Amino acid sequence: MRHLMSPLDFTTEELDKLMDLADDIQNNREKYAEICHGKKLATCFYEPSTRTRLSFEAAMLNLGGSVLGFSSADSSSAAKGESVSDTIRVISCYADICAMRHPKEGAPLVASLHSSIPVINAGDGGHQHPTQTLTDLYTIRSLKGDMSNMTIGLCGDLKFGRTVHSLINALVRYDNIKFVLISPEELKVPEYIREDVLEKNGIEYVEIEKLEDAMPDLDILYMTRVQKERFFNEEDYLRMKDYYILTNEKMELAKKDMMVLHPLPRVNEISVEVDEDPRAAYFKQAQNGVYIRMALILTLLEVAKC
Amino acid sequence: MLNISGIHEGFVLDHIKAGESMQIYHDLKLDQFDCTVAIIMNAKSKKMGTKDIIKVECPVDALDLDILGYIDHNITVNVIKHDVIVDKMSLHLPKEIRNVISCKNPRCITSIEQELDQIFVLTDEENEIYRCKYCEEKYEG
């Protein structure tokens, strides 16, 4: 039995097969419409999330399975003080696979250590968000052909943005990847990403503050939201939240085939005028999220192997 | 000069930095063992000036000494059997440390679930870096 805690749990070869499966699902929806009939996905979300939870649920429903779960800690037995390990032992009796989001870092790992069903980390605090990374990688592969030979700009909250950490971890395994890390001083990537991931793997990167300076060099621009829920201090949040706003004016500085990704939801960091730009790929990215989660569920349930 | 008699079977932990023996006593959980322990503090040492020494009378397989490698790999471990030194163990950094140090990341699951084992994994041997198994936060002592 396998779990998914980090994008690194899959080798690049396994990721390729997972994405091939997602392609096949996308092109042959009927073939997979009933493949998980009788299987249940538990979505255990200890903090609010609309799109990740709905994406998981849509994925399971598209496969003919059913879903159950809770969408906040208040509506779960965590409010009564139940531990994550006890909860997953009980959920294991009700469902065949579990997607867990938790505000505390490492909670899904604790669940996986006590679970008799596959556990998918659907986001743990500011730590990892591997299925968003699978979505991002799948979108990059769909748009660019593969993941090698690219300069990727990551912009916004690089400190608490778990999607950023997961994506960096996953991309360093591909050839000739360069990063431009665009953030205010207070929201720079944590040192463990800098030291243990970028420097350890000999990855070329620069850290800058101005988005405009980076635009001409980028093949991918990955925008992130400054996440209010990660700040202990409201004042800091207010100071940071509109630090970067991508506009058509800034898009003019970019390459013609540069792609803009965003894990969504966005707040103000991408102006709505950019939505009409053919390089804006974030809604396509959300659609891809369903296909790749379908492929993941099939793989972890061993209904179809990647 | 204070005299502590030799031991028949057990360990002599020598060259402990002066003042650290009580911490090691707790880290090795010696208070939980039914064995005789002698703690010698501020003994004179040519090499160190002053040092601590711990003598533990117990079966040689009763203690997990891996943690000593994390605390201070300069500690000398003499293994005693039948009143003689039969081995001098060399200490290495343990791959994993369990329930000795605690994660200080307020966002870590261990901050709200106190019954979880505190597990740290050696992620960089050269720089002696341990990270929390759950949240991957680096331990800074």
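The values are calculated or read from the model by the stated rules, or taken from the named source; none is laboratory data. Everything numeric in this text was worked out from a predicted model, so none of it was measured. Note that we place each Cβ from the backbone using ideal geometry, even for glycine, and neighbour counts take in every protein chain shown.
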Q. Can you tell me which of B:Leu122, B:Leu13, B:Leu116 is within 14 Å of chain A (Cβ to nearest Cβ), in a strand (DSSP E or B) and not charged (D, E, K, R)?
A. B:Leu122
Q) For the stretch A:91-133, what are the residues that are in a helix (DSSP H, G or I), in contact with a strand residue (DSSP E or B) (Cβ under 9 Å, 6 or more places away or on another chain) and within 23 Å of A:Tyr222 (Cα to Cα)? A) A:Pro130, A:Thr131, A:Gln132
Q | Hits in the stretch A:113-130 - residues which are surrounded by fewer than 24 Cβ atoms within 10 Å (Cβ to Cβ) and within 11 Å of chain B (Cβ to nearest Cβ) | A | A:Leu113, A:His114, A:Gly126
Q | Those residues of the stretch A:180-197 which are outside any loop (DSSP other than H, G, I, E, B), away from chain B (no Cβ under 14 Å) and in contact with a helix residue (DSSP H, G or I) (Cβ under 7 Å, 6 or more places away or on another chain), in sequence order | A | A:Val180, A:Ile182, A:Glu186, A:Leu187
(Q) Within the stretch A:140-159, does at least one residue satisfy the condition of being free of Cβ contacts under 8 Å to residues at least 24 places away in the same chain and touching a strand residue (DSSP E or B) at 6+ places or on another chain (Cβ under 7 Å)? (A) no
Q.
What pairs come out if I take residues in the stretch B:38-51 that are in contact (Cβ under 8 Å) with a residue 12 or more places away in the chain and pair them with residues that are acidic (Asp, Glu) whose C-beta lies under 6 Å away, six or more apart or interchain?
A. B:Met41/B:Asp52
**Q.** Where A:Thr43 falls short, out of the listed (1) buried (at least 18 other Cβ atoms within 10 Å of the Cβ); (2) assigned to a helix (DSSP H, G or I)
**A.** (2)
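Select, from B:Gly19, B:Gly69, the only residue that is part of a loop (DSSP other than H, G, I, E, B) and of a type outside the set (D, E, K, R).
After ruling out the rest, the residue left standing is B:Gly19.
Mind telling me which of the residues A:Asp146, A:Asp157, A:Asp175 ends up being surrounded by fewer than 20 Cβ atoms within 10 Å (Cβ to Cβ), closer than 20 Å to A:Val206 by Cβ and among the acidic types (Asp, Glu)?
A:Asp175
Do you know which residues across the stretch B:50-64 are of a type in the set (A, V, I, L, M) and either within 9 Å of B:Ile16 (Cβ to Cβ) or buried (at least 17 other Cβ atoms within 10 Å of the Cβ) (or both)?
Passing the criteria: B:Ile53, B:Ile54, B:Val56, B:Leu63.
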Q. Under the condition of being among the hydroxyl-bearing types (Ser, Thr, Tyr) and within 14 Å of B:Ile75 (Cβ to Cβ), which residue from the stretch B:1-39 is surrounded by the fewest Cβ atoms within 10 Å (Cβ to Cβ)?
A. B:Tyr25
Q: Check whether at least one residue in the stretch A:240-249 is in contact (Cβ under 8 Å) with a residue 40 or more places away in the chain, out of contact with any strand residue (DSSP E or B) (no Cβ under 7 Å at 6 or more places or on another chain), among the β-branched types (Val, Ile, Thr) and not in a strand (DSSP E or B), and report yes or no.
A: no
**Q.** Residue selected from the stretch B:125-135 under the condition part of a loop (DSSP other than H, G, I, E, B) and more than 7 Å from chain A (Cβ to nearest Cβ), by the criterion surrounded by the most Cβ atoms within 10 Å (Cβ to Cβ)
**A.** B:Lys133
Q) Can you tell me which residue in the stretch A:67-90 is modelled with the highest pLDDT, limited to those that are assigned to a loop (DSSP other than H, G, I, E, B) and among the polar types (S, T, N, Q)? A) A:Ser83
Q | Criterion (small (Gly, Ala, Ser) and assigned by TED's automatic domain parsing to the domain that holds A:Glu13) met by exactly one of A:Gly123, A:Gly161, A:Gly153, A:Gly145 | A | A:Gly123
Q) Is it the case that some residue within the stretch A:189-205 is closer than 30 Å to A:Glu14 by Cα, without any contact (Cβ under 8 Å) to a residue 12 or more places away in the chain and not charged (D, E, K, R)? A) yes
Q) When residues of the stretch B:94-113 are filtered for being more than 8 Å from chain A (Cβ to nearest Cβ) and either surrounded by fewer than 16 Cβ atoms within 10 Å (Cβ to Cβ) or within 20 Å of A:Asp86 (Cα to Cα) (or both), how many remain? A) 7
Q) What do you reckon, is A:Val226 farther than 17 Å from A:Ile152 by Cα and either touching an Asp or Glu at 6+ places or on another chain (Cβ under 6 Å) or assigned to a strand (DSSP E or B) (or both)? A) yes
